[in-house]
Amino acid sequence: ALQAYWGVLFCTVFGFSFTVLRASTQITLLIAAWGASISAKAAGLDRTKSLLLGVVFLANPIVMNLGYTFMTDVPFLAVAHLALYLFIRAYQTPTVKLILAASALAALSYFVRQFGLLIPVAYAASLAILLLRGKTKFDRRHAAALAGPWFIVWLILIALPDSAGGTTTQFDWNSIGQSIFARIINGLKHWTTSLVYLSLFLAPVMVLV
């Protein structure tokens, strides 16, 4: 994982310890908060609201707790937020450089957590909608810039030895219930909990908006 190399970089300079690894994560926490703030500003929020969103992100109890570990959540958000910022910029003013940089950052986030694949997929889906509505035209250079980094990701994945065991584990459906009915009920419960939590998390920003 990319995060392992990030930790190695810090341990090479400061020596190995869990404190050093936690410090490496806390730096990515600041990057993630900054990325969330500039993404909000690029999306149209003013400077005050964008700054507040970054502060709210830092004050999130779950994010704050994960910032004192060496788990993948916070490092993933750091790279993903930067990719999101560049994709927003590319959506507003599409250029090969912006799309290529955004896709490359998303590809890097993939090597921290595989959810990174959803970032360029969301961008491509939004462009597909505009294309169907006749509000934009297909550009081969932009498509190549979007797909290029993921071709490299594919080459890296097929070059991994068999002992690597892939980059993900198979999802166990029994973890959310032993029957279809139980899985539906638990899925609705988790969805409701996530929605309530997200609403509370965004409340300070939404009050100002």
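The values are calculated or read from the model by the stated rules, or taken from the named source; none is laboratory data. The structure displayed is predicted, hence computed values, not measured ones. FYI the Cβ positions are ideal-geometry reconstructions off the backbone, even for glycines, and counts take in every protein chain you see. Heads up: the accessible areas ignore ligands, DNA and RNA and are worked out on the full protein's heavy atoms, side chains in. Shrake-Rupley method; radii C 1.70, N 1.55, O 1.52, S 1.80 Å.
Between the beta carbons of N174 and T12, assuming R0 = 35 Å, the FRET efficiency works out to 0.25 to the nearest 0.05.
Among the chymotrypsin sites (Phe, Trp or Tyr not before Pro) in region 37-124, none sits in a DSSP loop with a Cβ that has at most 11 other Cβ atoms within 10 Å.
Applying 0.36 nm per residue to the separation of V196 and T48 and subtracting their alpha-carbon distance, the gain on full extension is 50.8 nm. Please check which bits of region 35-54 a label hung off T93 would reach, taking the label as a point 7 Å along Cα-to-C-beta and the cut-off as backbone N under 15 Å. Residues 42-44 fall inside that zone. Taken over region 39-119, the ratio of Cα radius of gyration to 2.2 N^0.38 Å equals 1.16. Taken along the Cα-to-beta-carbon direction at a fixed 7 Å, the label points for R183 and K137 span 4.6 nm. Each helix, a run of at least 4 DSSP H residues, gives -39500 (n - 2.57); summed and divided by the residues of the chain, these come to -25000 deg cm²/dmol at 222 nm.
Calculated FRET efficiency, V55 to I156, Cβ-Cβ distance, R0 = 22 Å: about 0.05 to the nearest 0.05. Dimensions of region 1-94 along the principal axes, based on C-alpha atoms and rounded to the nearest Å, stand at 43, 29, 18, largest first. The portion of the accessible surface of the chain made up by carbon and sulfur, rounded to a whole percent, is 71 (1.4 Å probe; DNA, RNA and ligands excluded).
Taken per residue, the accessible surface of the chain reaches 65 Å², heavy atoms only and a 1.4 Å probe. The largest-to-smallest principal axis extents of the Cα set in region 82-208 are 51, 48, 29 Å.
Label sites at A203 and L118, each approximated as a point 7 angstrom past Cα along Cα to Cβ, lie 2.4 nm apart.
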